Amino acid sequence: MSNYIKGEYKRNIYDSETGYIVGLFKVKESNIDDEEIINKTVTFTGYFHELNEIDTYIFYGNFVEHDKYGKQFQVESYERVKPEEKDSIVAFLTSGQFSGIGEKKAEKIVKVLGEKTLDIILNTPDNLLLIPGITKKNVDELHNKLKEYEKSYDTIIKLGNIGFTTRESMLVYNFYKDKTLEIISDNIYDIYSKIDNISFKRIDQIALKNNIPKDDIIRVKAAIIYVETELINNLGHSAFYKKELKPYIDKVLGIRTSEEELNDALEELLNQKELILLDDLYYLKDMYEAETNIVKRINILIHKKDNIIKDIDDKVKELEKYFDIDYNEDQELAIKESSLKNFLIITGGPGTGKTTILRGICELYRIVNKIKPHELNDRITLLAPTGRAAKRMSEKTGLKASTIHRFLKWNKDNNKFQVNEYNKSKTEFVLIDEASMIDVYLFSSLLKGLRSDTKVVLVGDVDQLPSVGPGTVLEDLIESGKVPVRRLNSLYRQKEGSNITLLAYAIKEGVYDEKMFNKDVDLTFIECKSKDVIGTIKELSNNYSDYSYKNFQILAPMYKTLNGIDKINEELTEVFNKKSKNKKELKVQDVIYRENDKILQLTNMPDENVYNGDIGIIEKINTSSKKEIYVDFDGNEVKYTQANFLNFKKAYAISIHKSQGSEFDIVIIPLVKEFNKMLYRKLIYTAVTRCKKRLFIVGEKDAFKHAISNNNDNIRRTTIKKFLIEGINSLD
């Protein structure tokens, strides 16, 4: 028999939209051999549909020791005990759940019907009409509310019997309400498509346990959607051919589907508009709608007449004097067109002044529109995909800047944006930096959250790595030839770090010139064997052990292998943050974290204003039973508990992908043949362009040569470019 505690719910300490509760519970009875808990209030946690102070509950689970709340009862499942004593029934009927029933009416009902009151209300409610003062309206209210109340608990119990955990049952019931059992019966896989927090594999496990045939068309359809979703996220393509999908579908289903079975499932999904078929390519509905939404919105902007601005050349000259800067011709045109055009892309490589002109773009918009300086933040919005890139924008312009997720008010619980097509932002002008990092879904969501007349300017280097998410938005828009593009070609940064810039351009062209290296202090190639790479990095790092964490960074292509990120971080901790009796430590899995360690955020935590890719320093570690780690992100202190310790890792070395949107004065890049599958041109170009002043490449020259000659970086199959050129094939 499971351990249980029986008693009364008192109040919540914490609750979430998903039904997760940390609360207080007074124990009246238990089968646990601990006399100290009887008649005592204990802390509990778990997922609940509804709790009230009137009912008696039985919680099944176990006591655990929590870092924040101490000893608590972790509830695995629970049940409500209907009140049986007359006083309890009166209290229940007058709890506020039944309108029109006061204490006097409740006492009359219980006096006549006794301890079977609730059963009578449920099964033979018209008997209540025999009680003086009880109206038909009272009877209907009591019967309907009590029936609804009973049904919700009954549904959750049935979900548990099917195989769902209490948490999953809560998520399912809160989404479908009284249609829950009908949905489960008709198509249990609907849960996977509608509820983000329950995976296909979990639903499939429950479905198979409840004897759904392996080749059931409902299961095949769900597997198709699951496979396409996974491939989109892993490969970045917008759509797939049937022959590409089939091997994965068969693997997921654990059977070999026939051509007929697969075709039938695909046909049903097309008829249900879950998939879109175009030129033999199958699109998920959401992906097709995202790409077409982007095209439709951009077409609206580019077909609007350009703005007419008198004396714009003179105004740009005034900016040069005001900022004490000489813009080159490309930069001047980019600044002017940012006010003249309703949609504009500004692209260029390192050293061309992309970041420099941001301030000019904002100031010209202010002057042209006669905006007072203190009002500019309300009229123009500066955005970037990462927190560090947004911070750089703010530093360069003196204006507020934020991540796109923060601007759209992302809700992590339901994975929805609160700024959307139904609740649009009133901003007039959106300026986005590091635009190569924006994926199809995010850009579509951003455009939905903007009014159709909001001016949009994208700034980015199209030769960098594409977004982590699907698509190549910036590249597709530029290559379409349909949108205004201003290319910055002239090198603006020609002094400090100029050899680094020249190397970046050589990599972009696929040119290897050994003479570039070691002719000046800003660019060094240290050739060594794979086994000596980390030792060489440690020697170099010793020269910079006192450097600010913002200015020095090691960038590597892979996490594993002899010279991977994990191994480098392990070795370099003693270089940058030696063990000391004055520094507290905490072991998380196999990694020891120490006060003053440099760490990288791996997930978005919008409530804490910290995002994937942000870098911070461990400020304080609490090694008591609470076990807390406090991290400083540029003045923003974030507390981590055991529940989210896996949201970060050490950052003396980070991946090149995670470095996008950041810049560092000094960068070390290890390159060896063991990284072979990750050695391609855009990756190395991105790594080199993160460096401003001094770059060290350590390892094997053959690996470097292979990287810059390999331009096959799994080119993504996308259709924004096609739709812009050919128009959208209307399938609505």
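Of the numbered conditions (1) assigned to a helix (DSSP H, G or I); (2) open to solvent by 10 Å² or more (accessible area, probe 1.4 Å); (3) polar (S, T, N, Q), Asn307 fails exactly one; give the number of that condition.
Status for Asn307: all satisfied but (1).
Identify, from the list Val575, Val638, Val588, Val631, the residue that is among the β-branched types (Val, Ile, Thr) and at pLDDT below 90.
It is Val588.
Cβ-Cβ distance below 6 Å, separation of 6 or more or different chains: which pairs start in segment 151-170 with a residue that is open to solvent by 30 Å² or more (accessible area, probe 1.4 Å) and end on one that is in a helix (DSSP H, G or I)?
Going by the 6 Å Cβ cut-off, the qualifying pairs are Gly160/Ser169.
Let's see how each residue does on (1) over 16 Å from Gln553 (Cα atoms); (2) without any contact (Cβ under 8 Å) to a residue 60 or more places away in the chain:
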residue: Ile666; (1), (2): no, no
residue: Phe675; (1), (2): yes, no
residue: Tyr680; (1), (2): yes, yes
residue: Cys691; (1), (2): no, no
residue: Leu695; (1), (2): no, no
residue: Ile708; (1), (2): yes, no
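Hey, among the residues in segment 594-607 that are modelled with pLDDT of 85 or more and touching a Lys or Arg at 6+ places or on another chain (Cβ under 8 Å), which one's most open to solvent (accessible area, probe 1.4 Å)?
The extreme case among them is Asn596.
Restricting attention to segment 44-62, which residues are open to solvent by 40 Å² or more (accessible area, probe 1.4 Å), closer than 27 Å to Gln642 by Cα and either among the polar types (S, T, N, Q) or without any contact (Cβ under 8 Å) to a residue 40 or more places away in the chain (or both)?
The answer is Asn62, and nothing else.
Can you name every residue in segment 371-387 that is outside any loop (DSSP other than H, G, I, E, B) and either among the aliphatic types (A, V, I, L, M) or open to solvent by 30 Å² or more (accessible area, probe 1.4 Å) (or both)?
Once the filter is applied, which keeps residues that are outside any loop (DSSP other than H, G, I, E, B) and either among the aliphatic types (A, V, I, L, M) or open to solvent by 30 Å² or more (accessible area, probe 1.4 Å) (or both), segment 371-387 yields Pro373, His374, Glu375, Leu376, Asn377, Asp378, Arg379, Ile380, Leu382, Leu383, Ala384.
For the condition surrounded by fewer than 17 Cβ atoms within 10 Å (Cβ to Cβ), of a type in the set (Gly, Ala, Ser) and either at pLDDT 90 or above or under 24 Å from Arg392 (Cβ atoms) (or both), what is the one hit in Ser541, Ser530, Ser548?
Going through Ser541, Ser530, Ser548 in turn, the sole match is Ser548.
Could you run through segment 714-728 and say how many residues are open to solvent by less than 80 Å² (accessible area, probe 1.4 Å), touching a residue at least 40 places away in the same chain (Cβ under 8 Å) and not hydroxyl-bearing (Ser, Thr, Tyr)?
Residues meeting the conditions: 7.
Scan segment 182-204 residue by residue and report those that are closer than 13 Å to Leu253 by Cβ and of a type outside the set (D, E, K, R).
Of everything in segment 182-204, those that are closer than 13 Å to Leu253 by Cβ and of a type outside the set (D, E, K, R) turn out to be Tyr189, Phe200.
Within segment 613-631, is even one residue part of a strand (DSSP E or B), in contact (Cβ under 8 Å) with a residue 24 or more places away in the chain, buried (at least 20 other Cβ atoms within 10 Å of the Cβ) and among the basic types (Lys, Arg)?
No, that holds for no residue.
Of all residues in segment 233-251, which are buried (at least 19 other Cβ atoms within 10 Å of the Cβ) and at pLDDT 95 or above?
Selection gives His237, Ser238, Ala239, Phe240, Ile249.
Test Asn293 against the stated conditions and say whether it is surrounded by fewer than 20 Cβ atoms within 10 Å (Cβ to Cβ) and either in contact (Cβ under 8 Å) with a residue 12 or more places away in the chain or farther than 30 Å from Asp476 by Cα (or both).
So Asn293 passes the test.
Looking only at segment 681-691, count how many residues are open to solvent by 10 Å² or more (accessible area, probe 1.4 Å) and out of contact with any Pro (no Cβ under 9 Å at 6 or more places or on another chain).
1
Residue-wise test of (1) free of Cβ contacts under 8 Å to residues at least 40 places away in the same chain; (2) in a loop (DSSP other than H, G, I, E, B); (3) within 20 Å of Val473 (Cβ to Cβ).
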| position | (1), (2), (3) |
| --- | --- |
| Glu320 | yes, no, no |
| Gln331 | no, no, no |
| Ala334 | no, no, yes |
| Ser338 | no, no, yes |
| Gly353 | no, yes, no |
| Ala389 | no, no, yes |
| Lys396 | no, no, no |
| Arg406 | no, no, yes |
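Report, by residue number, each residue of segment 252-290 that is in contact (Cβ under 8 Å) with a residue 24 or more places away in the chain, in contact with a strand residue (DSSP E or B) (Cβ under 8 Å, 6 or more places away or on another chain) and open to solvent by 50 Å² or more (accessible area, probe 1.4 Å).
Glu274
Residues that are within 29 Å of the chain's Cα centre (by Cα): list the helices (runs of 4 or more DSSP H) wholly contained in segment 115-220 that include at least 2 such residues.
The qualifying helices (runs of 4 or more DSSP H) are 166-176, 180-187, 190-194, 200-209.
Within segment 207-232, track down each residue that is surrounded by fewer than 19 Cβ atoms within 10 Å (Cβ to Cβ) and more than 16 Å from Ala265 (Cβ to Cβ).
Listed by number, the residues that qualify are Leu208, Lys209, Asn210, Asn211, Glu230, Leu231.
Please go through segment 20-43 and give me each residue that is closer than 27 Å to Asn197 by Cβ and either free of Cβ contacts under 8 Å to residues at least 60 places away in the same chain or among the polar types (S, T, N, Q) (or both), ordered by number.
Hits for segment 20-43 are Ile21, Val22, Gly23, Leu24, Phe25, Thr43.
How many residues, within segment 408-428, are assigned to a loop (DSSP other than H, G, I, E, B) and of a type in the set (S, T, N, Q)?
Of the residues in that region, 4 qualify.
Note down all Cβ pairs under 8 Å where the first residue falls in segment 359-372 and is under 10 Å from Leu319 (Cβ atoms), the second is of a type in the set (Phe, Trp, Tyr) and open to solvent by less than 30 Å² (accessible area, probe 1.4 Å), and they're at least six residues apart or on different chains.
Final answer for the pair search is Gly360/Tyr327.
Exactly one condition in (1) open to solvent by less than 10 Å² (accessible area, probe 1.4 Å); (2) over 29 Å from Thr689 (Cα atoms) is not met by Asn563; state its number.
That leaves (2) as the condition not met.
The values are calculated or read from the model by the stated rules, or taken from the named source; none is laboratory data. These figures come from a predicted structure and were not determined experimentally. No Cβ is skipped: glycine too gets one built from the backbone with ideal geometry, and neighbour counts run over all protein chains shown. Remember, those area values only see protein heavy atoms, side chains included, never the ligands or the DNA or RNA. Shrake-Rupley method; radii C 1.70, N 1.55, O 1.52, S 1.80 Å.
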